[in-house]
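What follows is a set of notes on a single structure, which appears directly below.
Every read-out reported here was derived from the displayed coordinates using simple, explicitly stated rules and does not represent laboratory data. Just so we're clear, the structure is a prediction, and the values are computed from it rather than from any experiment. Reconstructed Cβ throughout: ideal geometry from the backbone, glycine too, with neighbour counts over all protein chains shown.
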Amino acid sequence: MSDKQMKYYQDLGDYAAAYRIARADWEANPGLKWPKNAIAWLLIRMMKANARAYAQNKFLQQLEEFYNLGIPEDEKKLWGAVAWPVRDIINDSVRMQWFSPEFGDRLFGIIRKFPFDKPSDSYSAMGKAFVQLGSLWPQLTEFIEWWGFDNFTDFDYRRYPEDGRLESLVEKVYSEYLISLHRKGDGRQPSKAFFDGLDHLALRSKEQADKVYRIMKYE
């Protein structure tokens, strides 16, 4: 009966009410499978609704709760779905000029524990949102190293000159990594994974790799 009530409120778009029903059922009987899965998807829907600069604290609470559900790592669809609202809240925070290093640190502290499916469109979208932060976020170097230099989809190598985008996501990630390292000013050298990835990029697109090499020369 509870699952029907939950679906009723879910169909109405009242995800908070649906969540409360599923949560109550799960707490009453942790062995039930349907409430836990329902909670996970409802949290994702609520995160999508709260992916706004003004709702940063609520978003982080829901993100942490999602992680604490103990979802199996092989539930790739669930883990991947979380990356979209993460992207959205970063974009909105930048747009509203409400992004702060503290928020970035807290957000990264949670998602770095997530077993995201990679490479994937959602993982790339999340990475693209983070690398736009540039000097706004001192931990960008650490994020890019965690995100990885070999987790690109085929589309991440494409440029879109018709939209005025003259660099691919791959170029953006490598470039921002070098710039953020230079910004730290502690003399730290790029990681081995960076150079391994750059060798792979050179085989795939010499033009894009040459751009990164030029940045290295002037950094």
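Of note:
- Inter-centroid distance (Cα atoms) of the range 140-155 relative to the range 7-58, Å: 30 Å
- Top of M46, M96, M126 by mean-square fluctuation, Gaussian network on the chain, Cα under 10 Å: M96
- Sequence-distant aspartates and glutamates (8 or more away, or on other chains) whose Cα lies within less than 14 Å of K206: E167, E171
- Close amide H partners of L133, meaning residues 5 or more places away or on another chain with modelled amide H under 5 Å apart, do not exist here.
- Entry note, the chain: relative contact order of 13 percent, from Cα contacts under 8 Å with a spacing of 6+ residues.
- Here is how the number arises for the chain: DSSP H runs of 4 or more residues each give -39500 (n - 2.57), the sum is divided by the residue count, and the result at 222 nm is -21500 deg cm²/dmol.
- With q set to 0.07, 0.15, 0.16, 0.17 Å⁻¹, the log10 of I(q)/I(0) for the chain, from the Debye formula over equal scatterers at the Cα positions, is -0.27, -0.99, -1.09, -1.18.
- Contact order relative to length of the range 1-49, as percent, for alpha carbon pairs under 8 angstrom and 6 or more apart: 34 percent
- For M6, the shell of other residues with beta-carbons less than 13 Å away shows a net charge of +2, using +1 for Lys and Arg and -1 for Asp and Glu.
- Fully extended contour minus Cα-Cα distance, from R112 to H200, at 0.36 nm per residue: 29.2 nm
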